[in-house]
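Nothing in this text is a laboratory measurement; each read-out follows from the coordinates by a stated rule. Note that the structure is predicted; figures quoted are calculated from it, not measured. Quick reminder, even Gly has a Cβ in these numbers, built from the backbone with ideal geometry, and neighbours come from all protein chains shown.
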Amino acid sequence: MITTTEIAPDIYRISTYIKEIDLQFNQFIIKDSEPLLYHTGMRRMFPLAHEAVSKIIDPSHIRWISFSHFEADECGSLNEWLEAAPLSQAVCSTVGALVNLSDYASRPPRGMAVDEVLNTGKYRFCFRPTPHLPHGWDAGMTFEETNRILFCSDLFLQYGNREALTESDVTDRVRDALVKYQSGPLKDSMPYTSKTEPLLQGLAALKPKILATMHGSSFQGDCEHALYELAQVMREVFGGR
Ligand SMILES: [Fe+2]
Ligand SMILES: [Fe+2]
């Protein structure tokens, strides 16, 4: 089941709920003169995701395709999207471009340096590398400066078919999800290192107004506080390993 919601001006959340695993996979379309797709979704999701995007913009007009780290839900259908949008280019961390996309992507990617900004017209996307947060050497987060939205990938993961955007504290949901992960086959999903908290503090310092999550509701409110709470939860759940 796919639902589409405009969570901020020109920012659309396309959510696919997979009942069997009780998890949402969220993609974001940013409508601008150079439209940007954030998270491609998995290859098998492509036909339905493409149809959902076509209700917002002409998918062939997508100019930028971005994501946090190399994983099936983040960029599995990258090449399908590159084919569907002939002028599009993948944009990710420098490490991601060098290590993964230089080979995987059907066209050369654009790797972004620390805090480098991509201007799509009205909107500005600042790229922040976050190695091993949530996971993967190539991981990064993207901050849209105009709407103050942090595209935070697997951070703030929540189970369930959740509302698109909430102003209620999601910390308990996130703790429950990470504890559940730790007790099953997907344990150790996020490494907890000496850099985890400084990276989260760096994201908190951006003072986002919205956290755009891949799994679960996006959160609108005191995101600086939410990121500090997430650091506490990650320490509780992963810190003692
Ligand atoms: Fe991931
Ligand atoms: Fe994910």
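Does Leu211 satisfy being within 23 Å of Glu74 (Cα to Cα), in contact (Cβ under 8 Å) with a residue 40 or more places away in the chain, part of a strand (DSSP E or B) and within 16 Å of ligand 2 (Cβ to nearest atom)?
When the stated conditions are applied, Leu211 passes them.
Assuming Tyr17 fulfils every condition listed in (1) surrounded by fewer than 18 Cβ atoms within 10 Å (Cβ to Cβ); (2) more than 17 Å from the chain's Cα centre (by Cα); (3) over 21 Å from Asn147 (Cα atoms); (4) not acidic (Asp, Glu) apart from one, which condition is it?
Only one criterion in (1) surrounded by fewer than 18 Cβ atoms within 10 Å (Cβ to Cβ); (2) more than 17 Å from the chain's Cα centre (by Cα); (3) over 21 Å from Asn147 (Cα atoms); (4) not acidic (Asp, Glu) is unmet by Tyr17, namely (2).
Can you pull out the residues in region 71-121 that are over 15 Å from Thr142 (Cβ atoms), within 16 Å of ligand 2 (Cβ to nearest atom) and not in a helix (DSSP H, G or I)?
Glu71, Gly76, Ser77, listed by residue number.
Name the one entry in Lys187, Lys207 that is farther than 30 Å from Thr5 by Cα and either buried (at least 21 other Cβ atoms within 10 Å of the Cβ) or not small (Gly, Ala, Ser) (or both).
Sole residue among the options that is farther than 30 Å from Thr5 by Cα and either buried (at least 21 other Cβ atoms within 10 Å of the Cβ) or not small (Gly, Ala, Ser) (or both): Lys187.
Can you confirm whether Gly136 is within 16 Å of ligand 2 (Cβ to nearest atom), in contact (Cβ under 8 Å) with a residue 24 or more places away in the chain, part of a loop (DSSP other than H, G, I, E, B) and crowded, with 17+ Cβ neighbours inside 10 Å?
So Gly136 fits the description; yes.
Examine region 3-21 for a residue that is over 26 Å from Thr166 (Cβ atoms) and of a type in the set (Gly, Ala, Ser), and state whether such a residue exists.
no
From the residues in region 60-80 that are of a type in the set (A, V, I, L, M, F, W, C) and within 14 Å of ligand 1 (Cβ to nearest atom), which one is surrounded by the most Cβ atoms within 10 Å (Cβ to Cβ)?
Only one residue tops the list, namely Phe67.
Go through region 96-119 residue by residue and tally those that are buried (at least 19 other Cβ atoms within 10 Å of the Cβ) and touching a Pro at 6+ places or on another chain (Cβ under 9 Å).
Counting residues in region 96-119 that are buried (at least 19 other Cβ atoms within 10 Å of the Cβ) and touching a Pro at 6+ places or on another chain (Cβ under 9 Å) gives 5.
Identify all residues within region 139-157 that are within 16 Å of ligand 2 (Cβ to nearest atom) and in contact (Cβ under 8 Å) with a residue 60 or more places away in the chain; write none if there are none.
Correct list: Ala139, Gly140, Met141, Thr142, Leu150, Phe151, Cys152, Ser153, Asp154, Leu155, Phe156.
Every residue in region 122-150 that is within 13 Å of ligand 1 (Cβ to nearest atom) and under 19 Å from Arg110 (Cα atoms), please.
Scanning region 122-150 gives Thr130, Gly136, Trp137, Asp138, Ala139, Gly140, Met141.
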